[in-house]
Every structure is written in C-alpha cells, then in structure tokens.
Amino acid sequence: MRRASTSPHPSSALSERGRPREFDIDEVTRAAGRVFWEQGYYATSIEALCKSTGLFRASLYSAFGDKHGLLVAAFDQYAEGAIARLKERLEKKRSPYEGLRQALLHYTKVSSSLSRRHGCFITNAAIELLPADEALRPHIEAALRRIAAYLAAAVIRGQQAGEFNSTLDEQAVTTFLLCVIQGFRVLGKLSFEEKDLVPVVDMTMRALI
C-alpha cells in the first residue's frame, strides 16, 4: 500500500499533489493490529505502524486520533472476529457437548501453533495494559462478557439436552471455561504443544458431565 498524507476523512488521504487517495480503513486497522499483537503496545513504535500500514504518521493520527486510538480500533476488530468464530463453532449443527469440545480443541490448536505463539490479542492486552488503561478496560471487559455469554449458552443447551450436569452453576462454569481458554493462550506462548493441551480439554468436558 502506498503512503498517503493527512486527510479530513478517515477513509482517505491526500497524495503529494493534493488529490484524495482512498485507503481501506479496515485493512489499515488489521495491519496495525498484527503489529500490536506480535510486539505489544508499548514496544510498537509509530514508525512500525507506518511501515505496516503504508501510511504517513499524519494520516494515522487523522484517522485514529493517536497510537492508543489505533490500538482500540485494532482490538475491537480482532475481538469481533474472534467472538464470531467462537459463536460459529459453538452453534454448528452438532450436539452441545461436541460443539463445546470442538471449540476448546480449536483453542489448543491455535494456541500451540508456531504462527500463533504470540498469543491472543485479548489476553495480551489485558496482561500488558490492565489495570492502568481505563480507556481500553471496557473494550476488554465487553469482549470477555460476550465470550462468556456464548459459553454459558452452550452449557445451558447441554444441560437442556441432558449432556451436562443440570446442577452446575452457570456463572461458575462460564468463569471456569474462560480460565481454561485463556490458560491455553498463555501456555501456548511457551513450549506447550497441542498434545499437551488436549488432555485438559478431556478433563474439562468430564467436569461438566
């Protein structure tokens, strides 16, 4: 993507001759998000963001306000995609038990993949920036609440189908599953492989029966 200078509209920039040059705001956000994801917020320089997006500093500031504004946009975009993929896996036409099991197995796979050893953007942001970052906090909390809601719905469906223990407390089980998932993402950044994490999925599913 060719660099462009400041524009009054976030989806465009001005070329050297003053003509508007459009850029894809979603793609710019995605490119910046990959840098934040791999390097962390504080280690990411504006120069690195300019290089990854192909835009001048002024154009990034015009579109997102500042580096932190770009982080928030990238976080929201990542979270939206991650939540949509979880929802799809949980709601596929399979039994509630198998749907949840396959969703958890997916986390063991992506967490231990060499290409994903930089972890989960949501988890990384929470560890690096909380509790101090009050601007990002509601975005992280909202993402985790939505993940929890889909997990809770999956457990309830399993209880209604007679696949999960009907006496399980919904809130406790949901928090438990969140801990398992986030634990996978942290352990995957170390030397843990998929074969090390799959038995945890089996233990988790047995705890729900």
*Where q = 0.10, 0.16, 0.18 Å⁻¹, what log10 of I(q)/I(0) comes from the Debye formula for segment 52-161, counting one point per Cα?*
-0.39, -0.85, -0.99
_Among the listed pairs K67/K109; K51/K195; K93/K195; K67/K189, those beyond 30 Å (Cα-Cα)_ = K67/K109; K51/K195
*V155: accessible area at probe 1.4 Å, nearest 10 Å²?*
0
*Mean accessible surface per residue for segment 57-209, computed with a 1.4 Å probe while every protein chain stays in place, in Å²*: 49
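Once you compute Rg and the Kirkwood Rh from C-alpha atoms, what is the Rg to Rh ratio for the chain?
Reported Rg/Rh, Kirkwood definition of Rh: 1.07.
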*Heads up, I need the accessible area for D133: 1.4 angstrom probe, whole protein in place, Å², nearest 10.*
20
*Can you pull the percent of segment 86-209's accessible area that's carbon plus sulfur, 1.4 Å probe, other chains left in place?*
58
*Dipole of segment 24-165, positive direction: furthest Cα of Y61, A148, G99, with charges on the beta-carbon*: G99
*Accessible-area order (highest first, 1.4 angstrom probe) of the listed residues K67, K87, K195, K92*: K195, K92, K87, K67
*Does segment 132-196 classify as rounded, prolate or oblate by the C-alpha gyration tensor (a ≥ b ≥ c root eigenvalues; a/c under 1.5 gives rounded; else a/b over b/c gives prolate, otherwise oblate)?*
oblate
*Sparse-neighbourhood loop sites, GluC sites (Glu not before Pro) in segment 125-175 - DSSP loop, at most 13 other Cβ within 10 angstrom*: E134
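The values are calculated or read from the model by the stated rules, or taken from the named source; none is laboratory data. If you're wondering where the values come from, they're calculated on a predicted model, not measured in any experiment. A quick note on method: Cβ atoms are made from the backbone with ideal geometry, for glycine too, and the neighbour counts reach across all protein chains shown. Please note that ligands, DNA and RNA were not included when accessible areas were found on the heavy atoms of the full protein model with its side chains. Shrake-Rupley method; radii C 1.70, N 1.55, O 1.52, S 1.80 Å.
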